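Just below is one structure, and these are the notes that go with it.
All of the numbers you see were taken from the coordinates with simple rules; none came from a lab. Every value quoted in this text rests on a predicted model; they were computed, and no experiment measured them. Cβ placement follows ideal geometry from the backbone for every residue including glycine, while neighbour counts extend to all protein chains displayed.
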Amino acid sequence: MADPKGFLNHGREVAKSRPVDVRLKDWNEVYVPGSLLPIISKQASRCMDCGIPFCHNGCPLGNLIPEWNDYAYREDWAAASERLHATNNFPEFTGRLCPAPCEAACVLGINQPPVTIKNVEVSIIDKAWDTGDVAPQIPERLSGKTVAVIGSGPAGLAAAQQLTRAGHTVAVYERADRVGGLLRYGIPEFKMEKRHINRRIEQMRAEGTRFRTGIEIGRDLKATDLKKRYDAVVIAAGATTARDLPVPGRELKGIYQAMEYLPLANKVQEGDYVTAPITAEGKHVVVIGGGDTGADCVGTAHRQGAASVTQLEIMPRPGDERTAGQPWPTFPMLYKVTSAHEEGGERVYSVSTTHFEGDEDGNVQWLHLTEVEFIDGKLTPKPGTERKIPAQLVTLAMGFTGTDRENGLVDQFGLELDERGNIARDADFQTNVPGVFVAGDAGRGQSLIVWAIAEGRSAARGTDRFLTGTSDLPAPIRPTDRALMV
Ligand SMILES: Cc1cc2nc3c(=O)[nH]c(=O)nc-3n(C[C@H](O)[C@H](O)[C@H](O)COP(=O)(O)OP(=O)(O)OC[C@H]3O[C@@H](n4cnc5c(N)ncnc54)[C@H](O)[C@@H]3O)c2cc1C
Ligand code: SF4
C-alpha cells in the first residue's frame, strides 16, 4: 500500500492548465508541461489499496491501478511502467483522453474526491518514455502465420501489437494517409499531440508490425483477395458513418460533418496545409451535438479565430451531482466543463434545429431552432420558442451510426451485422466468417479509446487461438461487456 494516511493528509490536485489566452494562440496540449511530476507521488499516496479495488472494475482494461499507484508513490518509475503495460498497450493515449471510468468507480470517491488515477497513469508513461523504459519487445520466434489488420485506430493498433508480440507476421491496412484512426484525425492536437502516436508506431515497426497506408479494403483491395493472402484478418475499421440532420437547408454551403471539419485542422498541424480549407476564422460557428466530438469542434473553432461559437444540445443540461439512478460506482452522466469549454463559447441545451437559412449564393447564414421538452417520454417542440441564431459555419457532431457500408468491406466478406448495425461476433470476437475477427467501434459501436484497446487485446487472443489452437494473450473483456459504464 502507498501511504496509509495519504488520503487523510493530501487533497486531490490535478494537472495545471495553461492560461486560456496563452493556449488559444497555439495547438499544443493545454496542460503546463512538467506540472504533474512534482505532485504525483503525493497524489498516488491517496490510494487506499482497497481489498476490493472497484477502480479495476471501472476500467475496461482491468488496469492494476493500486499496484502502479504504490510504485508511483515510491517513485519506482520502471516498475510502475511495467505494471501499467501489463494491461494497456498505450497508456499515453488513455492517460490523456480517457473519461476515466476508474475514477468514477474509485472507493475514495464515495465521500471524497477520488484518486487522480488518470494523472498518475500519464505521469508514469511520460516518465517511462523519457527514461527509455519503453523499448521494442521483439518476439523470440515467429509462428509463420500471417494476419491482416484493417484499420489503424486504437483497436487495430492494440490487436496488431499483441499479435506481433505473439510471433505472427502482422500488416496493418489503413485507408488514410497516416496511421492512428480517430487518434490522428479526429482528436485535436490540443487534446493529444500527435508525437505520442508517432513514437508508438516507431516502437511497433521495430517489433515487426508493418503498416500499409492509403489502401481501403473493399475499394482498393477486395476483402476476399485480402483473406486469401493472410491466415487471419482482424477488422478494426471503426464506426465512421456519421449521423446526419435531414432538415430543410442542409444542402447549403458551410454545413459539415465534424469529421469533415476536424481532420483538416489536424492536417495543418501535420504540415499538409498552411491554413485549413474549412476554417472558422471570423465566422459565427454553431456546433450541433453536446458531446466530446462537439467539444473538439468548439476548441478548434476558437483556435481558428471564430467570431462566436455556440454549441447546441437537444437533451436537457446534465446535473452536477450523481442522481439516485446513477449511484457510485457507475459512470454518471454529469455536466462536464472540458478544456474547450473553459476557453469560451455558449452552450444551449434542450433545443432542436428546425432548418437552415442561406444567402443568395447558397451559403448558410442562420440556424432556426426551437426549444424542446419531454412530454410522455418524447422530446416535443415548445410552441412560441422558435428563434434564429447566426451560423456561417455549422458542424454536425451528433454521433456515428456504424461501420462504413459503402466501401464493400462488409458485403465482400459476407459479414452478418447485429441488431444495432455493428459487425456481429462471438465470444472470441470472431465474425460469422471463420478466421475473420472484429474489434473496436466496428463491433461495439461508437465508444471510447479504452474500450477499443481492450477489444483489440481481446480480439488478438481470439485470433491467436484460431491460428495456434491456444493463447497466452490476455482477453480483458467479452464482446457483451459494458462494465460500469451507464
Ligand atoms: C472527434 C472525436 C473525438 C473523440 N474523443 C475521444 C476522447 O477524448 N476519448 C475517448 O476515449 N474517445 C474519444 N473518441 C472516440 C474514440 O476515438 C473511438 O472510440 C476510437 O478511436 C475507436 O477506435 P477504433 O480503432 O475502433 O476505430 P477508429 O479510431 O475509428 O479507427 C478506424 C480506422 O479504420 C480505418 N478504416 C476504415 N475502413 C477501412 C477500410 N475499409 N480499409 C482500411 N482502413 C479502414 C479508418 O480510416 C480509421 O483510421 C472520439 C471520437 C471522435 C470522433
Ligand atoms: S478504488 Fe481508488 S483508493 Fe481503492 S485501490 Fe482503486 S484507486 Fe486506490
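Quick rundown of the values:
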quantity	calculated
Restraint check, LYS191/LYS336; LYS194/LYS283; LYS253/LYS388, Cα-Cα greater than 25 Å	LYS194/LYS283
Cut-off under 5 Å, modelled amide H: who pairs with LEU221 long-range	GLU216
For the stretch 45-76 and the stretch 436-451, distance of Cα centres in Å	26 Å
Ranked list, fewest to most other Cβ atoms within 10 Å of each Cβ, for THR470, THR164, THR275, THR87	THR470, THR275, THR87, THR164
For the chain, the longest site-free run once chymotrypsin sites (Phe, Trp or Tyr not before Pro) in DSSP loop states with at most 16 other Cβ atoms within 10 Å are removed	1-272
Solitary cysteines of the chain, where the nearest other Cys Cβ is not under 4.7 Å	CYS47, CYS50, CYS98, CYS106, CYS297
Cα-projected label distance for TRP129 with HIS10, points at 7 Å along beta-carbon direction, nm	2.3 nm
Whether the stretch 428-486 is rounded, prolate or oblate, judged on the alpha carbon gyration tensor where a/c under 1.5 counts as rounded	prolate
Theoretical FRET efficiency, 1/(1+(r/R0)^6), r = Cβ-Cβ of ILE314 and GLN112, R0 41 Å, to 0.05	0.75
For a label point 7 Å along the Cα-to-beta-carbon line of ARG243, residues of the stretch 274-293 with backbone N under 16 Å	287-293
Cβ charges +1 (Lys, Arg) and -1 (Asp, Glu), total dipole of the stretch 67-212, debye	740 debye
Cα gyration tensor, the stretch 6-131 - rounded (a/c under 1.5), prolate or oblate	prolate
Length-normalised contact order of the chain in % [C-alpha pairs under 8 Å, at least 6 apart]	17 percent
Inter-label distance for LEU379 and ARG199, nm, one decimal - labels placed 7 Å from Cα along Cα-to-Cβ	4.2 nm
Sequence of ASP231, ASP130 once ranked by neighbouring C-beta atoms within 10 Å, starting from the fewest	ASP130, ASP231
Structure-based [θ]222 nm, the chain - -39500 (n - 2.57) summed over DSSP H runs of at least 4, per residue, nearest 500	-9000 deg cm²/dmol
The chain: C-alpha gyration tensor shape, a/c 1.5 cut-off, then a/b vs b/c	oblate
For the stretch 370-486: relative contact order, % (alpha-carbon pairs under 8 angstrom, 6 or more apart)	17 percent
19 Å reach of a label modelled at GLU321, 7 Å along Cα-to-Cβ, counting backbone N of the stretch 328-363	328-337
The chain - share of DSSP beta bridges that are antiparallel (%, nearest 5)	35 percent
Relative contact order for the stretch 168-264, counting Cα pairs under 8 Å that sit 6 or more residues apart, in percent	39 percent
Size of charge dipole - the chain - debye, nearest 20, with Cβ of Lys, Arg +1 and Asp, Glu -1, no other charges	620 debye
Ranked packing of 300-306, 402-408, 232-238, most packed first, by mean Cβ within 10 Å	232-238, 300-306, 402-408
Karplus-derived HN-Hα couplings along the stretch 433-439 (A = 6.51, B = -1.76, C = 1.60, θ = phi - 60°), whole Hz, x at Gly and Pro	9, x, x, 10, 10, 9, 9
